[in-house]
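Values quoted throughout were computed directly from the atomic coordinates according to the rules given, and no laboratory measurement underlies them. All values derive from a computational prediction rather than experimental measurement. When we count neighbours, we look across all protein chains shown, and the Cβ atoms used for this are built from the backbone with ideal geometry, even at glycine.
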Amino acid sequence: MSILVLADLHEGQLGGATAHVVAAANAIGGDVHVLVAGEGVQAAADAAAKLDGVSKVRIADNAVYAHQLAEPMGALLVELSGDYTHVLASASTTGKNVLPRLAALKDVSQLSDVIAVESADTFKRPIYAGNAIATVKSDDALKVITVRTTGFDAVESNGNAAVESVSVVVENGQSSFVKQELAQSDRPELGGAKVVVSGGRGMGNGENFKLLDGIADKLGAAIGASRAAVDAGFVPNDMQVGQTGKIVAPELYIAVGISGAIQHLAGMKDSKVIVAINKDEEAPIFQVADYGLVGDLFEILPELESKL
Amino acid sequence: MKVLVAVKRVIDYNVKIRVKADNSDVDLTNVKMAMNPFCEIAVEEAVRLKEKGVATEVVAVTVGPKAAQEQLRTALALGADRAIHIETDERVESLAVAKLLAKVVEEEQPGLVVLGKQAIDTDNNQTGQMLAALSGLPQGTFASEVVVDGDKVNVTREIDGGLQTITLSLPAIITADLRLNEPRYAKLPDIMKAKKKPLDVKTPGDYGVEVASKVSLLKVESPAERQGGVKVASVDELIDKLKNEAKVL
């Protein structure tokens, strides 16, 4: 078995998701290579070389791969995929954008959002927003897989793999990058945070989300939101936790003023410990919460912040 | 410019799903079905492009059983001009759907194809990207804004951590994310009119596409149920539990 992992990049650095995808690759077993493709990505390649279980890093450093646009990335993967039995990427917006192009061009199916490896050809993945878990077997010669990072613990960085340049340069006359607006924050990434504090419609307005800041600061937490809070215009969509937003599984998830719609639960129910704070004691969120506190969040949040 | 929009018949998003007793699949007997919510957004976008004078014709297409014609009629009621039904009772994976759509793209030569970013049954999030690759076209996935400008289209995409804007040459493939628009409801007179709009029925064989997949579904299970825990009476008790019982603080 030989496995190629497409590395996630975050502003030119290696994204945290890659260590989880390498863990999935190690679970399949075999020779694990990581492809780092982008522009000015030597540091990311060096970081990838340290990931446990990686035997080689292949770096494709060229302007055509900047921002990892789907068309050149798909073409590059097609060029490289002949050497591999599996190609894996995280189920990030980049992985989801790029990998199906590879699968289609190689005339194979893709398995999306894999959460467990049963064997080299059999995997588990959630369907129907996680309300069912499917076990699927692929008989395709090349397995193309996106990995849900919450299904695999990140590998550590004790390795020292060789970094090798990829000479393949593809053309791209079809798409071009215009701009990117990333939310600026000193907090950890929502997808990789050990603690997440989320607010829902019960927060009342966007201004009140500031009540979560102090708690998040003390806990080193990322701040999330329910779809209801996003739809109400309180906060931007990239904070959304749920079926249609981010899937998270932190050590501690604190849901504040969130009723617990199925679509929200789909995004956080694999968290290790769930705390719910809600004034409605019948709210469905309490059915999944390890610890529930019924009361007025405008009183509870300042108290919690001062006592943490 | 012609706009092609693909739709899928799926379980209604409000229905709580049940796994079959023999764990072979999800039970869809006597379950309310509807158009996939992301496909509704795709149809809305196509119709708005026509209302703005950018699109001259909107063609809706689906792959699925005979009953999927209901979803095509919905698309027609929402403003599509005609529809193509590729009829099959088999389980059709994203790759086969993309192959069929690529044949339709070849035949219809649309300037833009709009799809939902994913269907809420299999949650694959693949078909648009695969169609783009097979047709040799650029893609703007997870779109929250689509602006056609001459022979190009600017697409703002929902990416992890924010928004990205890219420019694609036309023809291009777009997949719709939630915030692209808010779909309208079909009005009764439009539903009546939709019954008279043209709907072509084809089969995968007509396009020379084999729908069989090399992926087999071995088992479908319900996820592990999470047990509700305890209610605490105060912030102090909560902090105590998190420190000493759960040990996460």
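Structural remarks
- Over all orientations, chain B has a Cα convex hull whose mean projected area works out to 18.1 square nanometres.
- Restricting the calculation to alpha carbons of the range B:161-237 gives Rg and Dmax of 24.6, 69 angstrom.
- Value of Rg/Rh across the range B:1-84 [Cα atoms, Kirkwood radius]: 1.09
- From helices alone, the protein assembly as shown scores -7500 deg cm²/dmol at 222 nm; the rule is -39500 (n - 2.57) for each run of n ≥ 4 DSSP H residues, then divide by the residue total.
- Percentage of interatomic Cα-Cα distances in the range A:213-308 larger than 15 Å: 60 percent
- Rg and Dmax [Cα atoms of the range A:1-52; Å; Rg one decimal, Dmax integer]: 10.5, 32
- Taken along its three principal axes, the alpha carbon spread of chain A comes to 60, 39, 39 Å, from the longest extent down to the shortest.
- Relative to the Cα centre, the charge distribution of the range A:190-307, modelled as +1 at Lys and Arg Cβ and -1 at Asp and Glu Cβ, gives a dipole magnitude of about 340 debye.
- Centroid-to-centroid separation of the range A:251-308 and the range B:171-242 [C-alpha atoms, Å]: 26 Å
- Averaging Cα coordinates gives a centre for the range A:182-211 and one for the range B:9-56; these two points are 30 Å apart.
- Database remark: amide H of residue A:91 closer than 5 angstrom to the amide H of A:147, A:148, A:149 (H placed geometrically; neighbours at sequence offset of 5 or more, or on other chains; Pro and chain starts carry no H).
- The mean number of Cβ atoms from other chains found within 10 Å of a Cβ in peptide B:147-160 is 3, as a whole number.
- Given +1 at the Cβ of Lys and Arg, -1 at the Cβ of Asp and Glu and no other charges, the dipole of the range B:176-249 around its Cα centre is 480 debye to the nearest 20.
- Acute angle (nearest 10 degrees) that the helix B:37-51 long axis makes with the longest principal axis of chain B, alpha-carbon atoms: 40 degrees
- Cα-based shape type of the protein assembly as shown, given that a ≥ b ≥ c are square roots of the gyration tensor eigenvalues and the cut on a/c is 1.5: oblate
- A protection proxy built from the mean count of other Cβ atoms within 10 Å ranks the segments A:223-236, A:35-48, B:202-215, most packed first, as A:223-236, A:35-48, B:202-215.
- Farthest positive-ward along the range B:2-245 dipole, Cα basis, beta-carbon charges - from B:227, B:143, B:69: B:69
- Here residue A:269 is the anchor, and the aspartates and glutamates within straight C-alpha reach of less than 17 Å, apart from those fewer than 8 places off in the same chain, are A:113, A:153, A:251, A:290, B:221, B:225.
- Helix B:94-108 and the longest principal axis of the C-alpha atoms of chain B enclose an angle of approximately 20°.
- Descending semi-axes in whole angstrom, ellipsoid equivalent of the range A:72-219, from the Cα gyration tensor: 34, 22, 17
- Built amide H within the under 5 Å cut-off of residue A:116, gap 5+: A:124
- Distance between the pseudo-spin-label points of residue A:164 and residue B:106 (7 Å out from Cα toward the beta carbon): 3.7 nm.
- Put simply, the C-alpha atoms of the range A:21-100 give a gyration tensor, and the ellipsoid matching it has half-axes of 19, 15, 12 Å, longest first.
- When only the Cβ of Lys, Arg, Asp and Glu is charged (+1, +1, -1, -1), the dipole of the range B:1-129 relative to its Cα centre reaches about 220 debye.
- The largest-to-smallest principal axis extents of the Cα set in the range A:2-165 are 41, 33, 27 Å.
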